[in-house]
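Q: Quick one: structure below, then a few questions.
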Amino acid sequence: MTFRRGARLDPGQVRDVRGRSGGLGGRGIAIGGGGGLIGVIALVLVVVLGGGSGSGGGLDSLLNQPIGGGAGAGSENDLSQECQTGADANAREDCRIIGYVNSLNDYWAGAFGQEGLRYREATTTLFDGPIQTGCGQGSPATGPFYCPTDQIIYIDLGFFDTLEERLGGSDGPFAQAYVVAHEYGHHVQNLLGDLGARDPGAEGGSVRTELQADCYAGAWAANAAETGYLEPPSRAQITDALETAAAVGDDRIQQASGGGVDPHTWSHGSSEQRQEWFLRGYEGGQQQDCDTFRVDI
């Protein structure tokens, strides 16, 4: 998606800890999203197929702690001078992520308000090495992920190169928007209490959870221009998102890993399903269009 050049970004919604280690310690398992499929083994087999999304206790206390405090941790990078406008977002990848985060938080705050609910903004952390989170240690090998314990989305920008070069996703900016929006879909599920089902299988709770996050990403895309940060997406940009959704389908991942396609082990849904549910959210444009738990998927 193209940013409106004069749009004012809020870099405070993104923390940049690239170039250092650190983070919150804790227990639990990170929820991989649209991008949480890098390398197959690290996240898909070990994390998603191996466990659930449980969050530990002490959520409020964790939310009040700053990221950092690990041995050798340095100060956070400051993007406030480099990422101020939509023009910066069009020119720089890290500024682009800030713009997507700003738009997503704005959209979901409004959607929650229409339902009489209170939205709690999620912070996004940019990282490029091992990092301690409220859900345990993450690394670039896990790709982007959401941790429900600390309510933070973690993104390694290097993943987007892997998404294109190894998984066959699009290299367009909207492919990145889809990944970020999917992770924010998990944050919405967490706030609504809908993030617990992680049983595998083509009809299992894990697949339904991931497809709902895809649908939420589509609903945001349909309304993103109304947040003031972005121009309406073009048909080519929607195609970029659909190509990326197909690239991270369980069937495509299993084929790429050299094994057979086994729907009984699916955790995110097939390529066709992921495309279908993103489009359902985009064409309907409402959160209510995304109830994957009450319909056939």
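The values are calculated or read from the model by the stated rules, or taken from the named source; none is laboratory data. No experiment lies behind these values; they were computed from the predicted model shown. Positions of Cβ are backbone-derived with ideal geometry, glycine not excepted, and every protein chain shown enters the neighbour counts.
Q: Considering only residues that are at pLDDT 95 or above and among the polar types (S, T, N, Q), which ones fall in the stretch 67-94?
A: Within the stretch 67-94, Q84, T85, N90 meet the criteria.
Q: When the stretch 146-187 is examined, which residues are found to be within 9 Å of the chain's Cα centre (by Cα), in a strand (DSSP E or B) and not aliphatic (A, V, I, L, M)?
A: Y146, Y154
Q: Is it the case that the stretch 224-238 has a residue that's under 19 Å from T125 (Cβ atoms) and of a type in the set (A, V, I, L, M, F, W, C)? Don't jump to the end; show me each part of the working.
A: From the stretch 224-238, those under 19 Å from T125 (Cβ atoms) are none; that's our starting set.
No, the stretch 224-238 contains no residue that is under 19 Å from T125 (Cβ atoms) and of a type in the set (A, V, I, L, M, F, W, C).
Q: Considering each residue of the stretch 95-116, count those that are farther than 16 Å from W220 by Cβ and modelled with pLDDT of 95 or more, and give that number. Can you show your working first?
A: Of the residues in the stretch 95-116, the ones farther than 16 Å from W220 by Cβ are 95, 116.
Pick out the ones that are also modelled with pLDDT of 95 or more and you get 95.
Total meeting the criteria: 1.
Q: Go through the stretch 84-129 and give me each residue that's under 20 Å from F174 (Cα atoms), under 17 Å from the mean Cα position of the chain (by Cα) and exposed (fewer than 15 other Cβ atoms within 10 Å of the Cβ).
A: E93
Q: In the list A222, A245, which residue meets the criterion of being surrounded by fewer than 22 Cβ atoms within 10 Å (Cβ to Cβ), in contact with a Phe, Trp or Tyr (Cβ under 6 Å, 6 or more places away or on another chain), under 26 Å from I97 (Cα atoms) and in contact (Cβ under 8 Å) with a residue 60 or more places away in the chain?
A: Details: A245 fails: surrounded by fewer than 22 Cβ atoms within 10 Å (Cβ to Cβ).
The unique qualifying residue is A222.
Q: Every residue in the stretch 228-242 that is surrounded by 19 or more Cβ atoms within 10 Å (Cβ to Cβ) and hydroxyl-bearing (S, T, Y), please.
A: Residues of the stretch 228-242 that are surrounded by 19 or more Cβ atoms within 10 Å (Cβ to Cβ), as a first pass: 229-230, 233, 237-238, 240-242.
Of everything in the stretch 228-242, just one residue is surrounded by 19 or more Cβ atoms within 10 Å (Cβ to Cβ) and hydroxyl-bearing (S, T, Y), namely Y229.
Q: So which residues in the stretch 163-193 are under 18 Å from Y107 (Cβ atoms) and among the charged types (D, E, K, R), if there are any at all?
A: First, pick out the residues of the stretch 163-193 that are under 18 Å from Y107 (Cβ atoms): 173-174, 176-192.
Listed by number, the list holds a single entry, E183.
Q: Would the stretch 190-205 turn up any residue that is surrounded by fewer than 18 Cβ atoms within 10 Å (Cβ to Cβ), more than 25 Å from T149 (Cα to Cα) and without any contact (Cβ under 8 Å) to a residue 60 or more places away in the chain?
A: no
Q: I'd like the residue in the stretch 87-114 that is in contact (Cβ under 8 Å) with a residue 60 or more places away in the chain and charged (D, E, K, R) and, out of all such residues, is farthest from L9 (Cα to Cα).
A: If we take residues in the stretch 87-114 being in contact (Cβ under 8 Å) with a residue 60 or more places away in the chain and charged (D, E, K, R), then E93 is farthest from L9 (Cα to Cα).
Q: Which number in (1) in contact (Cβ under 8 Å) with a residue 24 or more places away in the chain; (2) at negative phi marks the one condition that G228 misses?
A: Every condition holds for G228 apart from (2).
Q: Filter the stretch 132-148 for residues that are touching a Gly at 6+ places or on another chain (Cβ under 6 Å), of a type outside the set (F, W, Y) and crowded, with 23+ Cβ neighbours inside 10 Å and give the result.
A: Correct list: T133, G134, C135, G143, P144, C147.
Q: On the given criteria, is L191 of a type in the set (A, V, I, L, M), touching a Gly at 6+ places or on another chain (Cβ under 6 Å) and in a helix (DSSP H, G or I)? Let's see the steps before the verdict.
A: On the way: of a type in the set (A, V, I, L, M): yes; touching a Gly at 6+ places or on another chain (Cβ under 6 Å): no; in a helix (DSSP H, G or I): yes.
Here the answer is no, as L191 does not meet what is asked.
Q: Between residues in the stretch 272-297 that are without any contact (Cβ under 8 Å) to a residue 60 or more places away in the chain and residues that are assigned to a helix (DSSP H, G or I), which pairs lie under 7 Å by C-beta distance while being six or more apart or on different chains?
A: Between residues of the stretch 272-297 that are without any contact (Cβ under 8 Å) to a residue 60 or more places away in the chain and residues that are assigned to a helix (DSSP H, G or I), the close pairs are Q275/L242; Q275/A245; Q275/A246.
Q: Within the stretch 97-124, take every residue that is aromatic (F, W, Y) and touching an Asp or Glu at 6+ places or on another chain (Cβ under 9 Å) and give me the one that is farthest from M1 (Cα to Cα). Step through it out loud before you land on a result.
A: The first filter runs over the stretch 97-124 and keeps only residues aromatic (F, W, Y), leaving 100, 107-108, 112, 119.
With the extra rule that they be touching an Asp or Glu at 6+ places or on another chain (Cβ under 9 Å), the set shrinks to 107-108.
On the way: Y107: 15, W108: 18 Å.
So the residue we want is W108.
Q: While we're here: If you take the residues of the stretch 253-297 that are among the basic types (K, R) and surrounded by fewer than 20 Cβ atoms within 10 Å (Cβ to Cβ), which of them is farthest from Y184 (Cα to Cα)? Spell out how you get there, then give the answer.
A: Step one: of the stretch 253-297, the residues among the basic types (K, R) are 274, 280, 294.
After this cut, where a residue has to be surrounded by fewer than 20 Cβ atoms within 10 Å (Cβ to Cβ) as well, the list is 280, 294.
On the way: R280: 17, R294: 21 Å.
Among them, the one singled out is R294.
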